[in-house]
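The next block holds one structure in the form of structure tokens; read it before the comments.
The values are calculated or read from the model by the stated rules, or taken from the named source; none is laboratory data. Just so we're clear, the structure is a prediction, and the values are computed from it rather than from any experiment. Glycine gets a Cβ as well: all are built from the backbone with ideal geometry, and neighbour counts include every protein chain shown. Each accessible area value is taken on the protein alone, full model and side chains, heavy atoms only, with ligands, DNA and RNA left out. Shrake-Rupley method; radii C 1.70, N 1.55, O 1.52, S 1.80 Å.
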Amino acid sequence: MSTEDELHRLREWLAWHNYRYHVLDDPEVSDAQYDARFRELEALEAEHPEWITPDSPTQRVGAAPLTAFAKVVHRVPMLSIRMEVDVNKWHDSVRKGLGLTAETQVAYAAEPKIDGAAVSLLYERGHLVRVATRGDGREGENVTAQARTIAALPPRLLGSGHPELLEVRGEVFMTLSAFAILHARAVAQGEKPPKNPRNAAAGSLRQLDPRVTAQRSLEFYCHGTGEITAREWPQRHDAVMARLREWGLPVCPDAEVVTGAEGCTDFFQRMASRREQLPYEIDGVVIKVNDLAWRARLGFVSNAPRWAAALKFPPREAETVVEGIDVQVGRTGALTPVARVMAVDVGGVTVTNVTLHNFEELARMDVRVGDRVRVCRAGDVIPDLVEVVQPEQRDPLARPFLVPVVCPACGAPVARVEGETILRCGNGFACPAQRKEAILHFASRRAMNIDGLGDKLVELLQNEGLIEDVADLYRLKDTPERIAGLARMGEKSAENLLAAIESSRERDLSRFLFALGIREVGEATAASLARHFGTMTALMAASEEELQGAPDVGPVAARRVVEFFRAPRNAALLNRLLAEPATGWHQTNMPVRWDHPLSGATVVLTGTLSTLTRQEAKARLEALGAKVSGSVSGRTRYLVAGASPGSKYAQAQALGVEILDEEQLRRLLS
Ligand code: IVH
């Protein structure tokens, strides 16, 4: 085969497996196999730069920066949708507009209204030639170079029979987990964090430097079409979407065809109840007449079609008043300003505390006690402050917040760490606030899972002098009457607490290690270290180099581990923990217990999960010691099957592999 043929073959292979992954959500090969082929292509292109085309998968890293965005006039305007409150009325108006009798059924395409940025993709004979933002609907911006970095967007359509010209419309968005990561990174670097996934998606797309866009995890779902010049074209929306999907374009897996006003209401309610579990942010649902000929008959009013309606959920933003600004001390001593606000409902959740991230952000926002503010929340991200509303109208006596010079919990001087924006209390375990956070982390669900040991109780136990550190927890059983005598406790609760503490002695080494709260040692690192070293003694004796021998343990984490064990206070704490009566994690020479059914198991995923993205499912499985593989074989322990599973389902059945549904997976993960 000639080198050029080889190059084409590699690109086809990569495009196909990219489609399996991003569109069908059902990869046939492992990430490692994909990466290996990708590097082969990179090597070939390095030898023959003249063969690089913009639709090569290697070009997703992003082209050279632009100085400005060019304007694009949409061939067919990108309309907006009218918001409807009464579905029945709207359904009646559709029926009336079409001259239908009450008996005639109307089928609607029902889709989640994803909170992202609308774009228009232009394909000429199957090649992506231009991507534009919606803009004002008539004129948008050319973001082709930026959009080319989105892995889910095929630069070339798969299959055949593509129209001369095909304009696809859809939503560029960020999943909630990608948003949370971007948000956390911005906060850590002292940058202004994005306020919601929509801003994050739109902002990522509107980067003059496409290489910045390439580093953001953007996704795309189609929701319609613009201009099309095709000889033959489907006459129903769902059929159009199915065809786009065959050609490699991602379509939202939660879209459905429903009937009449009842079907719409039912869909709306089902989506509303799933809102908190979906991997992406939605602000409502969109209902569209499914029959395209009917759409043409219905036409438009002003610039919105009569055939589409948006049904909105309660907004995730609300206004309230700042009642105070507190400074919280975290487990590592980091000081975080938090605004206490008048209780307000934000999209179904009552918010009373809003993080201000750090003092730079606080100064930038210039939030003062008494201010009227807009707050928001997205997914699991802690409620955030959008802005001060009309600061010019605030109480003239309100003063800017002063950055603390001493720790509010222990009075030790506050220090700014070199190269970090965060202020810290450097008092370590001598600071009661840091001790409290360390105990709470130790007891948390994913660490030692001590049920019932929450914020208030830890504070109470500390104030009563019953605990100073986590080792003291295991002594509480000697004084049950003192526990029962605590405010709001009683005998029964005391018994439950002590039982929960006792049962935590069974947690394995990996949880124990995570529970210690060593910086840079998260669940995955803890699991890797536990598996690699097997016992606490072996781990404590390991050098930095030896620690790095464990999979995925880098130099920073290794240094933190060594530093942790070297600190006299920690060494003393561990001595006490390890001297506790032996039952599990703490016996020095006991091998790690891998009693979790997922540990060491090979797991294959197929179909779409409704509450996790594939990447999240993979990360969670791996954290528990499972190996996630792309194909079913005799070694597969479990097949996890989501909605519309692929061919792997039949393969697993044929091989007698145990098949788990999403609920069973969630139970195993929790
Ligand atoms: S259909 C004329 N479907 O919501 C109808 N829009 O104004 C064209 N959106 O900016 C839009 N999810 O980007 C449609 N499943 C969906 C959608 C959706 C989100 C956005 C769209 C537009 C806005 C509505």
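Remarks
- Residue match in the stretch 342-353 (condition: away from the ligand (no atom under 16 Å from the Cβ), free of Cβ contacts under 8 Å to residues at least 60 places away in the same chain and in a helix (DSSP H, G or I)): no
- Restricting attention to the stretch 172-210, the residues being open to solvent by 30 Å² or more (accessible area, probe 1.4 Å), among the charged types (D, E, K, R) and at pLDDT below 90 number 3.
- Checklist (1) part of a loop (DSSP other than H, G, I, E, B); (2) closer than 30 Å to residue 317 by Cβ applied to residue 160, failing item: (2)
- Matching residues, the stretch 1-11, being open to solvent by 40 Å² or more (accessible area, probe 1.4 Å) and not β-branched (Val, Ile, Thr): 1, 2, 4, 5, 6, 8, 9
- Selection over the stretch 611-647 of residues that are of a type in the set (D, E, K, R) and closer than 27 Å to residue 274 by Cα gives a count of 5.
- Residues that are open to solvent by 30 Å² or more (accessible area, probe 1.4 Å) and closer than 26 Å to residue 194 by Cβ, drawn from the stretch 239-255: 253
- Among the conditions (1) over 28 Å from residue 438 (Cβ atoms); (2) buried (at least 18 other Cβ atoms within 10 Å of the Cβ), the only one that residue 369 does not satisfy is (2).
- Criterion applied to 42, 28, 103, 84 was being open to solvent by 60 Å² or more (accessible area, probe 1.4 Å), over 26 Å from residue 166 (Cβ atoms) and in contact (Cβ under 8 Å) with a residue 24 or more places away in the chain, and the one residue passing it is 28.
- When 87, 106 are screened for being of a type in the set (A, V, I, L, M), closer than 20 Å to residue 312 by Cα, more than 28 Å from the chain's Cα centre (by Cα) and at pLDDT 90 or above, only 87 passes.
- Hey, residue 14 open to solvent by less than 80 Å² (accessible area, probe 1.4 Å), of a type outside the set (D, E, K, R), on the phi < 0 side of the Ramachandran plot and in contact with a Lys or Arg (Cβ under 8 Å, 6 or more places away or on another chain) or not: yes
- Tally, over the stretch 405-447, of residues that are part of a loop (DSSP other than H, G, I, E, B) and hydrophobic (A, V, I, L, M, F, W, C): 9
- Qualifying positions in the stretch 211-221 - farther than 14 Å from residue 132 by Cα and open to solvent by less than 40 Å² (accessible area, probe 1.4 Å): 213, 214, 218
- Every pair of residues 6+ apart whose Cβ atoms lie under 8 Å, when the first sits in the stretch 282-301 and is more than 13 Å from the ligand (Cβ to nearest atom) while the second is aromatic (Phe, Trp, Tyr): 294/307
- Test: residue 450 is touching a residue at least 12 places away in the same chain (Cβ under 8 Å), open to solvent by less than 10 Å² (accessible area, probe 1.4 Å) and under 26 Å from residue 414 (Cα atoms): no
- Check on residue 247, closer than 23 Å to residue 161 by Cα and either away from the ligand (no atom under 13 Å from the Cβ) or of a type in the set (Val, Ile, Thr) (or both): yes
- Some residue of the stretch 350-365 being of a type in the set (Val, Ile, Thr) and surrounded by fewer than 17 Cβ atoms within 10 Å (Cβ to Cβ): yes
- The set of residues from the stretch 1-21 being at pLDDT below 85 and assigned to a helix (DSSP H, G or I) comprises just one member, 3.
- Criterion violated by residue 380 - all others in (1) under 26 Å from residue 440 (Cβ atoms); (2) modelled with pLDDT of 90 or more satisfied: (2)
- When residues of the stretch 37-81 are limited to those that are among the charged types (D, E, K, R) and not in a helix (DSSP H, G or I), the one modelled with the lowest pLDDT: 55
- Scanning the stretch 326-344 for residues that are of a type in the set (Gly, Ala, Ser) and out of contact with any strand residue (DSSP E or B) (no Cβ under 6 Å at 6 or more places or on another chain) yields a single hit, 330.
- Among the residues of the stretch 56-75, those that are open to solvent by less than 60 Å² (accessible area, probe 1.4 Å) and farther than 17 Å from residue 141 by Cβ comprise 56, 57, 58, 60.
- Filtered residues of the stretch 277-317 (kept if of a type outside the set (D, E, K, R), more than 22 Å from the chain's Cα centre (by Cα) and open to solvent by 20 Å² or more (accessible area, probe 1.4 Å)): 292, 293, 294, 296, 300, 301, 302, 303, 307
- Scanning the stretch 117-140 for residues that are within 12 Å of the ligand (Cβ to nearest atom), open to solvent by less than 10 Å² (accessible area, probe 1.4 Å) and touching a strand residue (DSSP E or B) at 6+ places or on another chain (Cβ under 7 Å) yields 119, 120, 140.
- Among the candidates 660, 605, 621, residue that is over 28 Å from residue 181 (Cα atoms), at pLDDT 85 or above and of a type outside the set (Ser, Thr, Tyr): 660
- Candidate set from the stretch 90-116 (those that are within 12 Å of the ligand (Cβ to nearest atom) and of a type in the set (D, E, K, R)); member that is farthest from residue 201 (Cα to Cα): 111
- Selected residue (criterion: nearest to residue 609 (Cα to Cα)) from residues of the stretch 256-276 that are within 13 Å of the ligand (Cβ to nearest atom) and buried (at least 20 other Cβ atoms within 10 Å of the Cβ): 271
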